[in-house]
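K.L.:
What follows is a single structure, and I will ask about it in a moment.
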Amino acid sequence: MSRHSALTDTRSGVATRPRVLVVASGKGGVGKSSIAVNLGITLARRGRRVGILDGDTGLANVNILLGLRPQQGLAEVLAGECGIRDILLEGPHGLKIIPGASGIREYAELSGAHQQRLAEELANIEADFDDLLLDTAAGIGDTTLDFLAAGHQVLLVLTPEPTSLTDAFSLLKLALRRQALDVRVIVNMVADVAEARSVFQRFANAVEKYLHTRVEFLGFVQRDESLRSAVTLQHPVALFAENDPSARPFQRLANALEDSLPHEDAPAFSLFWRRRLKQDDPAAHTSLGDARPQAPALAAEPPPVDHASEASEASEASEASEASDGLGSEEGVLGGLRAAFDAALEASEPEALAVELDAMHEQYRARTGRAAIDLMALVDALQADPEAHAGLLGRLRARLAPAMDAPQDVAAPATMQAGEGRRPGADRPPPDFGWKGRDESAARPARAGSASRVPATAYDAARFGPQEALLERLRQAGDDAPTLAEFLRRM
């Protein structure tokens with residue numbers, strides 16, 4: 001099988017699996033879903049087996065762009081009411097759509113159980129596709145960050161708007177804390193390639209400077225009224241003739257993707273979820289081969305099946321799998337700690353658990369000399385929902401105000417000067433992507449002799465005398481006074 005078809009997963013034993021492309025953006029309204037749909041159609045027209053998973057589990061709209069009306073969606077799959085094959089929609093040129101869960105708050109952020117269910121279902125259909133596009137929700141939600149980490153490549157959509165660049169930067173900053181990513185940038189809504197390159201370069205420079213990683217330029221999509229009309233008409237431009245100017249940008253993007261295939265050893269999408277869930281909950285050993293919903297066991301009326309034996313076998317299989325992955329005793333200890341925490345979270349009062357967590361954190365600080373909590377991640381979480389944390393943000397502002405007003409030339413501790421104990425770029429202001437440097441008039445040095453000049457908005461007392469005397473002369477002039485400009489000229 002060629003590398004340009006499905007990839008081979010030698011580690012999991014799966015014969016074929018798709019290339020997973022995660023389409024993401026920092027903010028909404030940048031055309032992310034439109035790009036995902038048009039790119040999916042373009043790849044399908046080339047004979048590839050393509051699926052689009054609407055990963056916006058709160059406000060799904062991929063099916064709307066294609067004029068499809070699903071009877072069921074991801075919500076029913078995650079609830080165990082049906083399998084993922086039952087909700088697949090047939091799109092143009094054989095494109096398959098997995099509709100999301102729209103307008104259901106419960107699924108806006110997927111719980112561990114929902115992620116487990118999603119992994120089971122995706123394992124059943126991965127072999128059906130060459131390409132699986134994930135249209136994620138905009139923003140920095142945990143589910144979006146999980147999707148980014150699970151994909152083979154991230155297609156990050158930008159526009160020339162400053163908010164698009166800053167929000168995409170914040171998304172990438174949080175995602176890179178989890179793992180390294182292969183990021184390809186698509187610049188949307190630009191006039192030409194020159195503007196696209198300029199926007200990309202500003203973003204790439206900031207990412208390399210502050211996040212110490214590199215992103216690649218995949219392509220661009222021009223501002224096009226046909227794209228707007230296509231959304232209204234629910235008829236994507238990728239369905240136009242291949243030489244149509246509106247369809248051409250997606251042809252270029254598809255060509256660029258063929259030249260940037262992920263490494264053959266990249267793990268399957270469902271395999272990522274398996275390993276992640278195993279780390280989060282070592283007691284969960286649900287088989288990925290069975291996509292049917294599991295009914296909960298009733299203690300009062302045990303079924304004839306020996307569940308204890310099954311659990312033991314599953315535990316042994318999990319331990320063998322972990323050993324084959326090279327997991328050591330440290331991972332086992334941490335997994336046990338996480339399992340104990342999950343149990344305490346279910347059985348304890350939140351206030352009592354919080355007291356114990358504070359005590360454990362102080363013990364960690366005393367032992368290691370540093371905090372266990374990522375302060376920047378905590379601040380990012382507070383800022384993501386400022387209304388819910390208004391009181392806490394206000395107290396933080398009041399507490400930090402004296403430190404912010406202190407002189408800035410105080411020498412930093414030696415460890416901080418050496419770059420220890422801090423995250424790269426954590427103490428720097430956010431990047432301005434080149435906009436602040438456009439008007440440099442305020443920063444230009446004054447020319448010789450300019451110090452004696454009166455600013456344009458200042459009152460020239462040397463010429464007109466005291467302001468009180470001038471006002472008195474204006475009052476004495478009465479109705480016969482000329483215009484103010486004429487009055488001043490006469491003086």
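The values are calculated or read from the model by the stated rules, or taken from the named source; none is laboratory data. All figures in this text were calculated on a predicted structure; none of them were measured in a lab. Ideal geometry is used to build each Cβ from the backbone, glycine not excepted, and the neighbour counts take in all protein chains shown. For the accessible areas, the whole protein counts, side chains as well, though only heavy atoms, and no ligand, DNA or RNA atoms are used. Shrake-Rupley method; radii C 1.70, N 1.55, O 1.52, S 1.80 Å.
K.L.:
Which one of these does Val185 not meet: (1) in contact with a Lys or Arg (Cβ under 9 Å, 6 or more places away or on another chain); (2) free of Cβ contacts under 8 Å to residues at least 40 places away in the same chain; (3) of a type in the set (Val, Ile, Thr)?
P.N.:
The single condition Val185 does not satisfy is (1).
K.L.:
Suppose we keep only residues that are more than 28 Å from Ala175 (Cα to Cα) and assigned to a loop (DSSP other than H, G, I, E, B) within the range 375-416. Which one would you say is modelled with the highest pLDDT?
P.N.:
Ala406
K.L.:
From the list Leu95, Leu181, Leu165, Leu172, which one is under 17 Å from Ile52 (Cβ atoms) and among the hydrophobic types (A, V, I, L, M, F, W, C)?
P.N.:
Leu95
K.L.:
Considering only the range 1-80, give the helices (runs of 4 or more DSSP H) lying wholly within it that have at least 3 residues that are at pLDDT 90 or above and in contact with a strand residue (DSSP E or B) (Cβ under 7 Å, 6 or more places away or on another chain).
P.N.:
Qualifying helices (runs of 4 or more DSSP H): 32-45.
K.L.:
Quick one: which residue in Ile98, Ile35, Ile125 is of a type outside the set (Lys, Arg) and under 26 Å from Thr159 (Cβ atoms)?
P.N.:
Exactly one of Ile98, Ile35, Ile125 is of a type outside the set (Lys, Arg) and under 26 Å from Thr159 (Cβ atoms), namely Ile35.
K.L.:
Further question: I'd like the full set of residues that are surrounded by fewer than 16 Cβ atoms within 10 Å (Cβ to Cβ) and in a helix (DSSP H, G or I), limited to the range 190-225.
P.N.:
Within the range 190-225, Val193, Ala194, Arg197, Ser198, Gln201, Asn205, Glu208, Lys209, Glu225 meet the criteria.
K.L.:
Across the range 358-374, what is the number of residues that are modelled with pLDDT of 75 or more and open to solvent by 70 Å² or more (accessible area, probe 1.4 Å)?
P.N.:
Of the residues in that region, 2 qualify.
K.L.:
Take the range 146-164 and flag every residue that is open to solvent by 10 Å² or more (accessible area, probe 1.4 Å) and either touching a helix residue (DSSP H, G or I) at 6+ places or on another chain (Cβ under 6 Å) or of a type in the set (D, E, K, R) (or both).
P.N.:
Pro160, Glu161 - these are the residues of the range 146-164 that are open to solvent by 10 Å² or more (accessible area, probe 1.4 Å) and either touching a helix residue (DSSP H, G or I) at 6+ places or on another chain (Cβ under 6 Å) or of a type in the set (D, E, K, R) (or both).
K.L.:
Where residues in the range 81-92 are touching a strand residue (DSSP E or B) at 6+ places or on another chain (Cβ under 9 Å) and within 19 Å of Arg48 (Cα to Cα), which of them is least open to solvent (accessible area, probe 1.4 Å)?
P.N.:
Residue satisfying both the conditions and the ranking: Gly91.
K.L.:
Which residue is farthest from the chain's Cα centre (by Cα), if the candidates are limited to the range 131-142 and must be open to solvent by 10 Å² or more (accessible area, probe 1.4 Å) and not small (Gly, Ala, Ser)?
P.N.:
Taking the candidates together, the pick is Asp142.
K.L.:
All but one of (1) modelled with pLDDT of 90 or more; (2) open to solvent by 80 Å² or more (accessible area, probe 1.4 Å); (3) assigned to a helix (DSSP H, G or I) hold for Thr232; which doesn't?
P.N.:
Evaluating Thr232 over (1) modelled with pLDDT of 90 or more; (2) open to solvent by 80 Å² or more (accessible area, probe 1.4 Å); (3) assigned to a helix (DSSP H, G or I) leaves (1) as the failure.
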